[in-house]
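Comments concern the structure below.
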Amino acid sequence: MMLTQRLSKRFEEVHSRREAALIGYIMVGEPEFSRTLEYIGALESGGVDIVELGVPFTDPIADDPILQAAHGRALRQGVNVHTVFQLVRELRKNSELPVLLMTYYNPICRLGEESFARRCSEAGVDGVIIPDLPIEEAASWVNQARKYGLARIFFVTPETDNERVKRICEYASGFVYLVSRYGTTGPSETLAPTVLPLLERVKPLLPEDLKVAVGFGLTTRAHIEAVVRAGADGVIVASALAARITEGASPEALADYVRELKAGTRRTV
Amino acid sequence: MAAKIPAKPSTPRLSELPVDGHFGEFGGQFVPEILIPALKELERVYKEISVRFDFQSELKALRADYGGRPTPLYFAKRLTEYANGARIFLKREDLVHGGAHALNNALGQALLARAMGKRRVIAETGSGQHGVAVAMACAVLGLHAEIYMGARDIERQKANVQRIQLLGATVHPVTSGSQTLKDAINEALRDWATNVPTTYYLIGSAVGPHPYPMIVRDFQRVIGDELKGQLLRREQRLPDLVVACVGGGSNAIGTFYPFVNDEKVQFLGVESSGAAALCHGSIGVLHGAKTFVLQDEHGSIGETHSIAAGLDYPAVGPEHALYKKLGRAEYITVSDQEALEGFRLLARCEGILPSLEAAHAIYAGVQRAQRMKRDQIVVITLSGRGEKDLETVVQHDAHAALE
């Protein structure tokens, strides 16, 4: 089965508009489960090109305290993989926004990789990001994701040497998630000094059909402009959005912030 | 004609595991990409350095002169009379410097950290014993130690927190999640991901991503190796049963592993009934390894409740997961109440205060010995001493008196 058209088409569209894709994150269950769809709508209306939905987990080891708190709130509301699928099905009734799931591996392991991939595909999910599944453990997942046409998004970090980047490319599809710095997710005042050299090093190693999106710490329009100028095909904003939702931002206020971020993705001549 | 090279057997013996970082279907490296190069480097350095004569001789000397090894294998005469069955021996890991088996591993890994040029060492601790051991090992080797500890564990293991601080290490309270060992490991992993170029993560149990379960086992196997030699010299035979408590499972794997090819030696692992990943869990992934995990139907990790902070953990080392699946070891649970009974029994019969963790093994070992023949031998690993738990035991007695 081909990779879902929604994701590759979206990258083509933004590319033809001389933009990078803005990938916005929201934990399912934020600010409360009954309002998550409304907030996804706000992200989309503000200019998010692809949405990344967080699946809550008790032990999110790659997440900063803002997102950890969101995991906890979602779990307390009873959000789980099934409610996430239900929400995506609901979204799909009137939206073609590409959807990625960000989930730790244990919920996938619990349901079974095949079953998880099938349900993703049935619900209308376009790809899956698994922060604790490196390529060493990913062979069977990659087969299932391939079978169900899901993008297989793997990470590349400042610690990943060139040879390993090439191996990761063999497992990946859609895009690689370039981790801007050491540590967990989390908003940042300044752009990490590691990110631009990393992007410069990794970009030439990627096959033509594999995009690169930068995440971890991107908080301002200026951060986004800098990585887009350096050649990023996409930018991922998670904690900075989550922080605003946590602070009680209305959908309108959130959309305004997204608009500001989206402006940073436009390539100037 | 050249002799044919026999084909390598398709299934390796248990003693040859892990293969490719896995114990059968268990183990592996389920961690963020940022940590993978560090794990590969650790494995490479460990394989190269740990077999070197200078490393082994320095470790051996530290264990002997600093740590107090070998620890005695003690024939518990009055406990045996009480049980009125098999003869009971205790492997006295409570007599290791610091008061528990934890130093065996901490010294080994601290030497590795120093060899890798990493002067900042981080660790998690539940009962505080591993934290104490890491603080000691880092002090004696001139390294800087920072210890993550759940706020709930800090509350109930205050004496160990003070010891860690007096030994020059920093304690970082962890207030996320259940505020116990599991959350301390989460926080240590986050720190490691942030500081991986400068920092060595010194895991305390046979858990986590490969190569940690292997490294911890190799540094803890001194328990089983010693007791095997001691019993052979004294009784000219192997034990019928070896017993150890299992939280993450480091003292148990250290006790069992040297006997894994001795098929007649039975293994009994004792979990806390409120934190029994092997007895009540299902296959999942936590802290980098596929293993048995306490979890709900959607894969959320369960909260645990044990009177012994060192057993209060919802997963278990992957090698135990395989031993369970293959039936090589038997795993049972002991309740808080029964552990307290084991505590009192050992105190009154033998004049030894066991840690509440080890008290689980004492209780189960005595129960089992009662049903065995007089010419049989049970060895229980007494993994730690009980001074750290006095407050918990006394409070418990006070509550019981009120009711």
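No lab work stands behind these numbers, since they all come straight from the coordinates. Since we're looking at a predicted model, the values are computed, not measured. FYI the Cβ positions are ideal-geometry reconstructions off the backbone, even for glycines, and counts take in every protein chain you see.
Remark on the stretch B:223-349: hydrodynamic radius 15.4 angstrom, per the Kirkwood mean of 1/r across alpha carbon pairs. Label positions at residue A:15 and residue A:114, each projected 7 Å from the Cα along the C-beta direction, are separated by 3.5 nm.
Build a GNM of chain B with springs between Cα atoms under 10 Å apart, and of B:266, B:157, B:367 the one that fluctuates most is B:367.
The simple spin-label model puts a point 7 Å past each Cα toward its Cβ; for residue B:373 and residue B:330 those points are separated by 1.6 nm. Each Lys or Arg adds one and each Asp or Glu takes one away; over the other residues whose Cβ falls under 10 Å from the Cβ of residue B:290, this sums to -2. Over 31 Å apart at the Cα level, from the set B:228/B:324; B:228/B:388; B:118/B:228; B:290/B:373; B:60/B:373, are B:118/B:228; B:290/B:373; B:60/B:373. The Cα center of the stretch B:244-265 and the Cα center of the stretch B:91-130 differ in position by 19 Å. Packing here is the average count of other Cβ atoms within 10 Å per residue, and on that basis the peptides B:187-199, A:243-255, A:95-107, B:304-316, highest first, run B:304-316, A:95-107, B:187-199, A:243-255. Computed over the alpha carbons of the stretch A:3-263, Rg followed by Dmax gives 16.6, 45 Å. Starting from one equal scatterer on each C-alpha and no solvent at all, send me the Debye-based log10 I(q)/I(0) for the stretch A:175-225 at q = 0.15, 0.17, 0.18 Å⁻¹, two decimals. Each listed q maps to, in turn, -0.40, -0.51, -0.56.
Take the Cβ atoms of residue B:170 and residue A:250, set R0 to 35 Å, and the FRET efficiency comes out at 0.25.
Using a simple spin-label model with pseudo-atoms 7 Å out from Cα toward Cβ, residue B:337 and residue A:267 lie 7.2 nm apart. The residues packed around residue A:28, meaning those with a beta-carbon under 12 Å from its beta-carbon, carry a net charge of -2 if Lys and Arg are +1 and Asp and Glu are -1. Averaged over the residues of B:172-179, the number of partner chain Cβ atoms lying within 10 Å of the residue Cβ comes to 2.
With the Kirkwood sum run over all distinct C-alpha pairs, the stretch B:339-403 has a hydrodynamic radius of 12.5 Å. With K and R counted +1 and D and E -1, the other residues having a Cβ less than 12 Å from that of residue B:169 yield a net charge of +1.
Please work out the Cα center distance from the stretch A:1-48 to the stretch B:68-90, rounded to the nearest Å. The stretch A:1-48 and the stretch B:68-90 have Cα centres separated by 66 Å. Less than 5 angstrom separates the built amide H of residue B:271 from those of B:246, B:332, B:333, B:334, all sequence-distant by 5 or more or on a different chain. Rounded to whole numbers, the Karplus 3J(HN,Hα) couplings from phi for the stretch B:152-168 are 5, 6, 4, 4, 9, 10, 4, 4, 5, 4, 5, 4, 4, 5, 5, 7, x Hz, using 6.51 cos²θ - 1.76 cosθ + 1.60 with θ = phi - 60°, and x at Gly and Pro.
Close amide H contacts of residue B:286 (hydrogens built in the peptide plane, cut-off under 5 Å, sequence separation of 5 or more or a different chain): B:291. Our coupling estimate for the stretch B:373-388, obtained by passing each phi through the Karplus curve with A = 6.51, B = -1.76, C = 1.60 and θ = phi - 60°, is 7, 5, 8, 9, 10, 10, 10, 10, 7, 8, 6, x, 9, x, 3, 5 Hz, Gly and Pro reported as x.
Over all distinct Cα-Cα pairs of chain B, the Kirkwood formula returns a hydrodynamic radius of 21.0 Å. Note on B:194-204: average number of Cβ atoms from other chains within 10 Å of each residue's Cβ is 1.
Per-residue ellipticity at 222 nm, computed for the protein assembly as shown from helices alone with -39500 (n - 2.57) per DSSP H run of at least four residues, works out to -13000 deg cm²/dmol. The shape of the stretch B:13-138 can be summarised by an equivalent ellipsoid whose semi-axes, obtained from the alpha carbon gyration tensor, come to 32, 20, 15 Å from longest to shortest.
Among the residues of A:61-69, the average count of other protein chain beta-carbon atoms within 10 Å of the residue beta-carbon is 4. Only aspartates and glutamates eight or more places from residue A:211 in sequence, or on another chain, were considered; those with a Cα closer than 12 Å are A:12, A:233.
Close amide H pairs (under 5 Å, H built 1.01 Å from N) link residue B:23 with B:28, residues at least 5 positions away or on another chain. Within the stretch A:49-124, all pairs of alpha-carbon atoms sorted by distance into 10 Å bins from zero give the percentages 18, 50, 30, 2.
Taking every alpha-carbon pair within the stretch A:121-269, the share separated by more than 28 Å comes to 22 percent. DSSP beta bridges confined to the protein assembly as shown are antiparallel in about 20 percent of cases.
Enter the Cα centre distance for the pair the stretch A:230-269 and the stretch B:167-200, rounded to the nearest angstrom. Between the Cα centre of the stretch A:230-269 and that of the stretch B:167-200, the gap is 31 Å.
Kindly provide the pair-distance distribution of the protein assembly as shown built from C-alpha pairs, with 10 Å bins from 0 and whole-percent values in order of increasing distance. All Cα pairs considered, the percentages come to 3, 16, 25, 23, 16, 10, 5, 1, 0. Protection proxy ranking for A:192-199, B:33-40, B:77-84, using the average of other Cβ atoms within 10 Å per residue and placing the highest first: B:33-40, A:192-199, B:77-84. When peptides B:323-329, B:12-18, A:122-128, B:91-97 are sorted by average Cβ neighbour count within 10 Å, with the highest value leading, the order is B:91-97, A:122-128, B:323-329, B:12-18.
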